[in-house]
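Structure record follows, encoded as structure tokens.
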Amino acid sequence: MTIPQPSEGALVPAERHQYILRLALTERIVRIKDLAKRLGVHEMTIRRDLDLLAEQGLLQRVHGGARLMQQAGAEVAYAMRATQQVGAKARIARAARALISDGDTVGFDASTTALTLAQALGSAPIHAVVTGLDVANVLAAAKVPFTLVGGTFHERARSFVGSLVTGALARFHLDKVFFSAKGLTVSAGFTDAHLPEVEVKERLIATAGTVVALIDHTKLGREAFCQIVPLERIDVLITDEVPPEELRAALEAADIRLIVAEEAP
């Protein structure tokens, strides 16, 4: 597979990292000089990028460059997913943060959008229930009290799945749950591709007094392998663009609150 040359204009660090990781997936070794030329930056910038990716366990530094860590393909896929629709996820997270009140018990799935929301919490006086490793790490660093519901580790999503997770979640009663999905259509509702993840999301949603879906515009009209919940099961949909008319009508008919997260002024 050929990795396309970056378009003209300086890339932000997250975009550079995504490009480097994509290249590392297709080439045995990525070289500092080659990356600097392709990306139009100083070699020192590339060295810092490679050092950071090595610290994250994604790359192994070698003389003159780096290579993908053995067995790191799943983490690379996750890292690249985390850099997609960054602006949309940030806007959605800001809108979702406004729905969280002091003292709430709040559930987060293992999606990268929920991770962005966790990063926006600061040191909020809440208690969280989480099923993803990265969300747990963010909350721990911010000293936000949380319960990590553990089970079998799903490497690709950096989440916990299985009967231990779903059984434990059945005992919780949360004020609000925030989740994302790979697709949303009127007919299929919220869908995702990995059945064990779907089972955990469904069980997490069942604990909630208020269910909030965090869905960027690229997922509207898409349908994945397995239904998480039907559209009418949620209370609030937060997205970053006005949805199509059919979906807006269905939301109104089901008395679901629609929040379109706009650009910050």
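The values are calculated or read from the model by the stated rules, or taken from the named source; none is laboratory data. It should be emphasised that the depicted structure is a prediction, and the values quoted were computed from it without experimental measurement. Cβ: placed from backbone, ideal geometry, glycine included. Neighbour counts: every protein chain shown. In case anyone asks, the SASA skips ligands and DNA or RNA and just uses the protein heavy atoms, side chains included. Shrake-Rupley method; radii C 1.70, N 1.55, O 1.52, S 1.80 Å.
Summarising the strand pairing of region 154-225, around 40 percent of its internal DSSP beta bridges are antiparallel.
In the chain, one over the average inverse separation of all distinct C-alpha pairs is 19.6 Å, which is the Kirkwood hydrodynamic radius. Surface composition of the chain: carbon plus sulfur atoms hold 51% of the accessible area, using a 1.4 angstrom probe and ignoring ligands, DNA and RNA.
From its DSSP helices (H runs of at least four residues, each -39,500 (n - 2.57)), the chain gives a residue-normalised ellipticity at 222 nm of -11500 deg cm²/dmol. Comparing Val212, Val130, Val242 in a Gaussian network model of the chain, where Cα atoms under 10 Å apart are tied by springs, the biggest mean-square fluctuation is seen for Val242.
Simple point charges give the picture: +1 on the Cβ of Lys and Arg, -1 on the Cβ of Asp and Glu, and for the chain a dipole about the Cα centre of about 1000 debye. Close Lys pairs in the chain (alpha-carbon distance under 21 Å; sequence gap of 8 or more, or different chains): 9. Report the antiparallel proportion of the DSSP beta bridges in the chain as a percent, rounded to a multiple of 5. If we restrict to bridges inside the chain, about 40 percent are antiparallel.
By the scheme Lys and Arg +1, Asp and Glu -1, what is the net charge of all other residues having a beta-carbon under 11 Å from that of Ala90? Neighbour charge sum, excluding Ala90 itself: +1. Averaged over its residues, region 209-265 has an accessible area of 56 Å² per residue, based on protein heavy atoms and a 1.4 Å probe.
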